[in-house]
Amino acid sequence: MRTKKITLNDISTYTGLSKTTISRVLSGKSKEFRINRQTCDAVISAAQELNYRPDMIAQLLHKKPMKTIGIVMPNISNPFFAALASAISVEAKKSDLIVILFDTQDDPLQEESALRKMQEYRVDGIIVAPCGKDSRLLEKISRSIPLIQVDRYFESAGLSYVSTNNFKGAYDAMTMLIKSGHRNIVCIQGPVFSITNRERIRGCQQAIDDSGEQCTFHVIGNDFTIENGYIEGQFALNLTPRPTAIFAMSNTIMLGTLHAIREHRLSIPDDISIISFDDNLYIDYLNPPVTRVAQPVASMGIAAIKMLVNSMRQNGDLHSTMLLTPTIINRDSVKVIEP
């Protein structure tokens, strides 16, 4: 059975003293407010007898000039979001900001719960990679708490954001595939409503249009997960004719796709080429290392904190937007097909 949490109200009832007096004693301010020794002893004795434990989060939030920010990530088991949360936290520390991290598991309901908790905690700012389809709660919160969107964003909501130029990253990667001789390409995408996914698909299509080549281009899938990469990878490899290249729209999708390729006993890049969106150190330890689009994660963390700090100083949303340029890391997973 869960033990009831003891509060200042309980100590007040137990001792007959006011919550203000009790708070001053327990926070070490008894001398400042000239509280006598007898009262101090009574408060401390009651706190010990009742097994009172102070709310450390509340204490941190009320200590000034330290400020607290909330970071809301869709899924920190995803290496990209883990790296992004780390980059933001490192930069926040440089600005003497206390960080509270929430993992919403890509669930809009958990995201809503996390955002409302941050309102209760009275954080000084919020950085969020939204997973839902509705921006209304973010817009409402931004009227009272500075809020920055990172990676994912609602373009039409008028909220500040920092993200990668996903269009350019996908455009450059698809152009590389086409120049390498690939004309039958499958793209395994994430959630169709996600702005990052939509921009990547748009970049792929624009690259094909600009190339002037006759390409077969299939877009399949609906999630940034290993499972989606595996299932849709199986589907792609059973197409007739089989595609010469697969473009995975995230590193998690790429991992699932690699599993499917291995099960089909195909060799990369001799039998099929693969390219991925997102970078991580482990990708260079795959066999073979995979060519990918690297997002500037560290720069995103720096930019998000700078935008948030500026917004907190101005006591409001500055409506800043920033798209950072990705780069192609060329490795050994793309075969050049001779004409």
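The values are calculated or read from the model by the stated rules, or taken from the named source; none is laboratory data. A quick note: this is a predicted structure, and the numbers were derived from the prediction, not measured. FYI the Cβ positions are ideal-geometry reconstructions off the backbone, even for glycines, and counts take in every protein chain you see.
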Listed by first then second residue, the pairs whose first member lies in region 28-40 and is modelled with pLDDT under 85, whose partner is assigned to a loop (DSSP other than H, G, I, E, B), with beta carbons under 9 Å and at least 6 positions apart or on separate chains, are K29/I35; S30/N36
Give the residue that is farthest from Q295 (Cα to Cα), with candidates limited to residues of region 154-191 that are of a type in the set (F, W, Y) and in contact with a helix residue (DSSP H, G or I) (Cβ under 6 Å, 6 or more places away or on another chain). Y171
M254 is checked against (1) closer than 23 Å to N197 by Cα; (2) buried (at least 21 other Cβ atoms within 10 Å of the Cβ); (3) touching a residue at least 40 places away in the same chain (Cβ under 8 Å) and fails just one. What number does that condition carry? (3)
Output for region 110-140, where each listed residue is in a helix (DSSP H, G or I) and buried (at least 19 other Cβ atoms within 10 Å of the Cβ): E111, A114, L115, M118, L138
Among the residues of region 25-50, what is the count of those that are over 18 Å from N9 (Cα atoms) and of a type in the set (A, V, I, L, M, F, W, C)? 2
Identify, from the list V309, V334, the residue that is aliphatic (A, V, I, L, M), farther than 20 Å from G190 by Cα, at pLDDT below 95 and crowded, with 20+ Cβ neighbours inside 10 Å. V309
In region 276-304, the residues that are within 18 Å of N78 (Cα to Cα), within 24 Å of the chain's Cα centre (by Cα) and among the aliphatic types (A, V, I, L, M): L281, I283, V290, V293, A294, V297, A298, M300
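Yes/no matrix, rows are residues, columns are (1) in a loop (DSSP other than H, G, I, E, B); (2) not assigned by TED's automatic domain parsing to the domain that holds S95:
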residue: M254; (1), (2): no, yes
residue: P269; (1), (2): yes, yes
residue: D279; (1), (2): yes, yes
residue: N287; (1), (2): yes, yes
residue: G301; (1), (2): no, no
residue: M307; (1), (2): no, no
residue: H319; (1), (2): yes, no
